[in-house]
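These notes concern the structure reproduced below.
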Amino acid sequence: MQPDEEPTADVEIGASAAADELRFHVQPEVRVSFPGTGERDSRQVTTRENIDTPVQPGKTYRRVFVTTQISSRLLDGPGRTKGDSRLRPGAGPG
């Protein structure tokens, strides 16, 4: 990795959903958590098309598209030094 490159995530999950028509009867409760131990850099990025933030109960949304990207990068732990996302050779499970 070059000094000016962004470190990569150790874990990354992506999801998307599309709907021709969508209606919420109540305001949804949405949570994302990153449980566990150790220091990490965790992020969630969500994009929405044709849907309010927050959604309005009772409103019909049409041609909806939503994507979310959740990632986490370990900052410490076996085989790592703080600020280095790369696993050192010979370190870690084996």
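The values are calculated or read from the model by the stated rules, or taken from the named source; none is laboratory data. Not measured: the values here are computed from a predicted model. Here the Cβ is made from the backbone with ideal geometry for all residues, glycine too, and neighbour counts use every protein chain on show.
What the table below lists for this structure:
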read-out	value
Pairs with Cβ under 7 Å, 6+ apart, first in segment 46-57 and touching a residue at least 24 places away in the same chain (Cβ under 8 Å), second surrounded by fewer than 11 Cβ atoms within 10 Å (Cβ to Cβ)	Pro54/Gln27; Val55/Gln27; Val55/Pro28; Pro57/His25; Pro57/Val26; Pro57/Gln27
Residues within segment 50-75 that are more than 12 Å from Asp20 (Cα to Cα), loosely packed, with under 15 Cβ neighbours inside 10 Å and of a type outside the set (S, T, N, Q), tallied	5
Conditions (1) within 18 Å of the chain's Cα centre (by Cα); (2) surrounded by 10 or more Cβ atoms within 10 Å (Cβ to Cβ); number of the one not met by Arg23	(1)
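Table: residues versus (1) hydrophobic (A, V, I, L, M, F, W, C); (2) farther than 20 Å from Gln27 by Cβ; (3) in a strand (DSSP E or B); (4) at pLDDT 90 or above.
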residue	(1), (2), (3), (4)
Arg43	no, yes, yes, yes
Thr53	no, no, no, no
Phe65	yes, yes, yes, yes
Pro78	no, yes, no, no
Gly83	no, yes, no, no
Gly92	no, yes, no, no
